[in-house]
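A.B. asks: I have a structure here, written as structure tokens, and I will follow up with some questions on it.
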Amino acid sequence: KIFISEKHRYPKFIFVGRIDPLKGLEYLIQAIAQIKEEIGYFETWIIGDGPEKDNLMKLSIQLKTDKHIKFFKAITNRKRLSRMYCLADIFVLPSIWEGFPLVILEAWAASLAVIATAVGGITAICKNRENALLIPPKDVGSLVNSILTLTKDANLKNRISTNGNKIVKEKYAWDIVAGKLGDVYMDLLN
């Protein structure tokens with residue numbers, strides 16, 4: 001068993017998803033290498049499996065971030081995954097390309113502040129400094145600045161997480177989604 005600390009004792013960043021080159025995790029690890037002296041102790045949880053996992057673990061060791069980065073296997077137990085989200089502070093999605101990012105909805109449901117790249121479907125739901133901090137893909141400097149900003153500015157972090165949580169409740173709750181899907185089926189039948 002891996003010990004998961006209580007929330008707010010120190011910052012915890014989380015990524016959930018497939019570990020492949022399109023997720024841009026090498027840039028997250030490079031960012032962690034730059035902020036490790038500035039923040040002090042913190043943890044970054046990378047949850048998922050995929051072809052890049054071994055390379056990223058080696059990169060983490062090479063950049064001496066392995067004390068700050070913990071790799072977890074993909075978590076299929078929804079309760080356990082929900083608990084991981086709830087114990088974290090900031091969700092980071094540094095993708096180079098992304099479809100519709102359900103993981104951002106999961107992060108918002110757990111009231112997390114979100115940092116994401118302004119690519120693909122992310123821009124359809126995320127508005128910079130409103131419900132997320134949006135950064136260019138492959139931009140380690142912007143990722144560093146965003147992480148430092150949200151760890152130092154509690155008001156911005158709370159506003160972003162509150163607005164994201166509100167979007168999930170108002171637009172993506174299951175009863176709302178089911179109703180919209182039912183409308184689509186009725187339109188198709190007519």
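The values are calculated or read from the model by the stated rules, or taken from the named source; none is laboratory data. Only a predicted model underlies this, so the values are computations on that prediction, with no experimental measurement involved. Please note: Cβ atoms are built from the backbone with ideal geometry, for glycine as well, and neighbour counts cover all protein chains shown. Protein only, heavy atoms only, side chains kept; ligands, DNA and RNA dropped before computing areas. Shrake-Rupley method; radii C 1.70, N 1.55, O 1.52, S 1.80 Å.
A.B. asks: Which of the residues belonging to the range 135-152 are open to solvent by 60 Å² or more (accessible area, probe 1.4 Å) and closer than 21 Å to A88 by Cβ?
C.D. replies: The first filter runs over the range 135-152 and keeps only residues open to solvent by 60 Å² or more (accessible area, probe 1.4 Å), leaving 136, 138, 145, 152.
Hits for the range 135-152 are N145, K152.
A.B. asks: Of the residues V168, V144, only one is touching a Leu at 6+ places or on another chain (Cβ under 8 Å) and not aromatic (F, W, Y); which? Break it down into steps so the answer makes sense when it comes.
C.D. replies: Numbers: V144 fails: touching a Leu at 6+ places or on another chain (Cβ under 8 Å).
One residue alone meets the criteria, V168.
A.B. asks: Quick check on my filter: what residues within the range 72-89 are outside any loop (DSSP other than H, G, I, E, B), open to solvent by less than 20 Å² (accessible area, probe 1.4 Å) and either closer than 12 Å to E106 by Cα or not hydrophobic (A, V, I, L, M, F, W, C) (or both)? Talk me through it step by step, then tell me what you get.
C.D. replies: Pass one, the range 72-89, residues outside any loop (DSSP other than H, G, I, E, B): 72, 78-87.
Restricting the remaining residues to those that are open to solvent by less than 20 Å² (accessible area, probe 1.4 Å) gives 72, 81, 84-85, 87.
L81, M84, Y85 - these are the residues of the range 72-89 that are outside any loop (DSSP other than H, G, I, E, B), open to solvent by less than 20 Å² (accessible area, probe 1.4 Å) and either closer than 12 Å to E106 by Cα or not hydrophobic (A, V, I, L, M, F, W, C) (or both).
A.B. asks: Take K58 and decide whether it is modelled with pLDDT under 95, over 29 Å from I167 (Cβ atoms), among the basic types (K, R) and open to solvent by 50 Å² or more (accessible area, probe 1.4 Å).
C.D. replies: Details: modelled with pLDDT under 95: no; over 29 Å from I167 (Cβ atoms): yes; among the basic types (K, R): yes; open to solvent by 50 Å² or more (accessible area, probe 1.4 Å): yes.
In short, no.
A.B. asks: In contact with a Phe, Trp or Tyr (Cβ under 8 Å, 6 or more places away or on another chain) and surrounded by 20 or more Cβ atoms within 10 Å (Cβ to Cβ): is that true of A132 in this structure? Spell out how you get there, then give the answer.
C.D. replies: Values: in contact with a Phe, Trp or Tyr (Cβ under 8 Å, 6 or more places away or on another chain): no; surrounded by 20 or more Cβ atoms within 10 Å (Cβ to Cβ): yes.
Here the answer is no, as A132 does not meet what is asked.
A.B. asks: Of all residues in the range 7-29, which are more than 14 Å from S95 (Cα to Cα) and of a type outside the set (A, V, I, L, M, F, W, C)? Even if it seems obvious, please write down each step before you answer.
C.D. replies: Of the residues in the range 7-29, the ones more than 14 Å from S95 (Cα to Cα) are 7-13.
Within the range 7-29, K7, H8, R9, Y10, P11, K12 meet the criteria.
A.B. asks: Continuing with this model, one more query. Going residue by residue through the range 17-27, is there one that turns out to be under 20 Å from S146 (Cβ atoms), open to solvent by less than 10 Å² (accessible area, probe 1.4 Å) and either modelled with pLDDT of 95 or more or hydroxyl-bearing (S, T, Y) (or both)? Before the answer, list the steps.
C.D. replies: To start, the set of residues in the range 17-27 that are under 20 Å from S146 (Cβ atoms) comprises 17, 22-27.
Next cut, open to solvent by less than 10 Å² (accessible area, probe 1.4 Å) only: 24-25.
Keeping just the survivors that are either modelled with pLDDT of 95 or more or hydroxyl-bearing (S, T, Y) (or both) gives 24-25.
Checking the range 17-27: at least one residue is under 20 Å from S146 (Cβ atoms), open to solvent by less than 10 Å² (accessible area, probe 1.4 Å) and either modelled with pLDDT of 95 or more or hydroxyl-bearing (S, T, Y) (or both).
A.B. asks: When the range 91-122 is examined, which residues are found to be touching an Asp or Glu at 6+ places or on another chain (Cβ under 9 Å), free of Cβ contacts under 8 Å to residues at least 60 places away in the same chain and either among the hydrophobic types (A, V, I, L, M, F, W, C) or open to solvent by 20 Å² or more (accessible area, probe 1.4 Å) (or both)?
C.D. replies: A113, A116, V119, G120, I122
A.B. asks: A further question follows. In this structure, is A107 modelled with pLDDT of 95 or more, of a type in the set (A, V, I, L, M, F, W, C) and more than 23 Å from R9 (Cβ to Cβ)?
C.D. replies: Values: modelled with pLDDT of 95 or more: yes; of a type in the set (A, V, I, L, M, F, W, C): yes; more than 23 Å from R9 (Cβ to Cβ): no.
The answer is no for A107.
A.B. asks: I'm trying to understand the selection: among the residues of the range 34-51, which are under 18 Å from L93 (Cα atoms) and open to solvent by 50 Å² or more (accessible area, probe 1.4 Å)?
C.D. replies: Initial filter on the range 34-51 (under 18 Å from L93 (Cα atoms)): 34-35, 42-51.
Scanning the range 34-51 gives Q34, D49, P51.
A.B. asks: If you don't mind, another one. Report, by residue number, each residue of the range 96-155 that is among the aromatic types (F, W, Y) and either within 20 Å of I39 (Cα to Cα) or in a helix (DSSP H, G or I) (or both). Talk me through it step by step, then tell me what you get.
C.D. replies: Of the range 96-155, the ones among the aromatic types (F, W, Y) are 97, 100, 108.
Within the range 96-155, just W108 meets the criteria.
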